[in-house]
Amino acid sequence: MSDINKNVKKVRPHINQNEGLIFEKSSTGKRGYKLAPLDVPAVDSAAALGAAERKDLGHMPAVSEFEIIRHFTRLSTWNYAIDLGMYPLGSCTMKYNARVNELVARLEGLAEAHPHLPPAQAQGALRILKVLSDALIEICGMDAITLQPAAGAHGEMTGVMLIRAYFQAEGENRKKILVPDSAHGTNPATAVICGFEVENLKSNPQGNVDTAALAAQMTGDVAGLMVTNPNTLGVFEPEIHKIAEILHAKGGMLYMDGANMNALVGKARPGDFGVDVMHLNLHKTFSTPHGGGGPGSGPVACKKALEPFLPTPVVVTKADGTLDVSFNRPQSIGRVKAFYGNFGMHIRALAYIMANGPDGLRMTTEDAVMNANYIRKKLEDVYEVPFSAPSMHEVVFSHKKQAEHGVKTGDIAKRLMDYGFHPYTTAFPLIVPDHGAIMIEPTESEPKEELDLFIDAMRCIAREAEEDASIILNAPHSTRVDRFDEASANRKPVLRWKP
């Protein structure tokens with residue numbers, strides 16, 4: 001085995017090799033099938049159908065059944081998937097989507113229910129919306145919720161629109177939203193889309209919100225603060241109560257980006273530590289499909305003061321116990337999504353919640369935090385931890401030690417692909433010096449054996465950086481394409497393909 005990949009087989013032996021074209025496997029005379037001899041006279045298809053109807057398929061590959069099955073089976077593994085291995089993407093929470101969730105979402109009465117059904121004929125679907133809403137309200141410690149938003153960023157927009165509507169109803173024209181420098185990139189974009197000016201809030205040396213800076217910046221012109229808790233460093237805000245008090249003392253609102261709620265479920269409720277409005281990412285916390293596997297869902301929960309402004313329609317319980325939908329919300333911000341949101345995601349999320357129950361959800365949170373801290377403990381001697389606060393569901397390292405040998409976070413991520421793992425989140429959050437963040441979130445799904453494989457890979461890469469950095473700087477070596485020239489691709493994009 002070459003020196004370049006001398007450690008790869010030790011860590012993960014099932015790396016998929018390059019696959020040739022099906023035409024390259026073709027040999028004249030091979031067939032993937034064998035039919036019994038005809039017991040009727042043969043028919044000339046061209047004569048029967050007419051020359052104009054006959055389509056020439058051209059040269060087709062001749063391969064055996066065995067070869068073609070293996071070929072397409074191997075092709076199916078070219079896209080990395082959670083079914084193949086660990087996704088260590090921090091801040092994205094690529095957790096396993098349980099098959100039972102998919103089974104329930106495909107039940108005929110749910111999958112084929114039309115959103116225009118009258119409420120009397122959609123009691124089951126409405127019951128799912130109601131039970132899920134009640135469960136999420138309880139989990140978050142809030143008073144009301146909308147399930148309409150189609151994704152986390154869409155939920156952010158909905159939540160900030162509620163804040164804007166509230167102040168407009170109060171006759172106040174507050175113009176600013178404070179956003180910490182460790183926030184998700186969607187936070188400032190959301191505030192601007194909703195018509196607010198964004199004012200940056202610096203973090204303290206521990207990576208948390210600087211409460212002294214917050215107190216100085218919190219004026220009567222500030223509508224609220226968008227905070228992620230735990231923040232994007234995977235660190236819980238220890239002064240979250242004080243943050244809420246500073247905002248509320250000046251009449252402001254505390255918005256919480258719920259992207260990292262999978263570190264809190266069953267352990268702490270945002271409504272109890274002062275949050276006024278928040279969104280949830282059902283794909284991150286409640287095991288629904290993520291990103292390209294979506295559509296997504298980003299419910300928004302809020303306190304009583306913001307409830308009148310929630311999108312319509314809302315599910316209500318009538319006197320006889322049946323469910324109905326109501327549009328009687330004169331202060332509502334209006335629809336933000338057609339009908340009731342992405343109903344298929346709601347089914348999956350409720351299936352996940354009910355399958356786990358309160359104790360199971362709490363254990364899920366504990367396992368996610370334990371897995372992240374296990375990785376931290378096993379790697380903190382070879383990768384710098386830039387902020388010393390205890391980690392929650394994800395851990396952020398720095399490439400500082402490896403940078404001494406010319407190796408950066410992106411290089412390490414490329415080399416990790418040779419070991420059979422999807423890369424972690426690189427260079428985020430930006431408050432890690434030199435854009436050197438190595439952001440890892442194992443989720444609760446991963447067993448110790450998989451974590452140990454990942455840890456071994458990361459340790460091997462750290463050793464390679466010291467012994468021969470060129471191995472990493474030219475990685476990946478085992479993938480089907482070499483390293484892309486990403487700088488040129490961004491500066492000179494090819495937008496049209498010419499044969």
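The values are calculated or read from the model by the stated rules, or taken from the named source; none is laboratory data. All values derive from a computational prediction rather than experimental measurement. All Cβ positions, glycine included, derive from the backbone under ideal geometry; neighbour counts span all protein chains shown. Ligands, DNA and RNA are excluded from the accessible area calculation, which covers all protein heavy atoms including side chains. Shrake-Rupley method; radii C 1.70, N 1.55, O 1.52, S 1.80 Å.
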Residue 444 versus (1) assigned to a helix (DSSP H, G or I); (2) under 30 Å from residue 392 (Cα atoms); (3) under 26 Å from the mean Cα position of the chain (by Cα); (4) not aromatic (Phe, Trp, Tyr): which is the lone unmet condition? (1)
Going through (1) in contact with a helix residue (DSSP H, G or I) (Cβ under 6 Å, 6 or more places away or on another chain); (2) under 30 Å from residue 235 (Cα atoms); (3) not in a helix (DSSP H, G or I) one by one, residue 478 fails only at (2)
Check the range 181-201 and report whether any residue there is assigned to a helix (DSSP H, G or I) and more than 25 Å from residue 92 (Cα to Cα). no
Of everything in the range 108-119, what is loosely packed, with under 12 Cβ neighbours inside 10 Å, assigned to a loop (DSSP other than H, G, I, E, B) and touching a helix residue (DSSP H, G or I) at 6+ places or on another chain (Cβ under 8 Å)? Give them in sequence order. 115
If I filter the range 212-230 down to residues being touching a residue at least 60 places away in the same chain (Cβ under 8 Å) and not hydrophobic (A, V, I, L, M, F, W, C), which single residue comes out as surrounded by the most Cβ atoms within 10 Å (Cβ to Cβ)? 224
Find the strands (runs of 3 or more DSSP E) located wholly in the range 252-365 whose residues include 2 or more that are over 16 Å from residue 137 (Cβ atoms) and touching a residue at least 12 places away in the same chain (Cβ under 8 Å), and list them. 253-258, 323-326
Test result for residue 333, at pLDDT 95 or above and under 14 Å from residue 165 (Cα atoms): yes
Scan of the range 167-180 for residues that are assigned to a strand (DSSP E or B) and open to solvent by less than 20 Å² (accessible area, probe 1.4 Å), ordered by number: 177, 178, 179, 180
Conditions first: (1) without any contact (Cβ under 8 Å) to a residue 60 or more places away in the chain; (2) of a type outside the set (Lys, Arg); (3) within 19 Å of residue 335 (Cβ to Cβ); (4) assigned to a strand (DSSP E or B). Residue 145 passes all but one, so which condition is the exception? (1)
Residues (over 23 Å from the mean Cα position of the chain (by Cα) and in a helix (DSSP H, G or I)) located in the range 120-137: 120, 121, 123, 124, 125, 126, 127, 128, 130, 131, 134
Exactly one of these conditions fails for residue 414: (1) open to solvent by 10 Å² or more (accessible area, probe 1.4 Å); (2) part of a helix (DSSP H, G or I); (3) under 25 Å from residue 283 (Cβ atoms). Give me its number. (3)
Do we have any residue at all in the range 320-332 that's of a type in the set (Val, Ile, Thr) and surrounded by fewer than 21 Cβ atoms within 10 Å (Cβ to Cβ)? yes
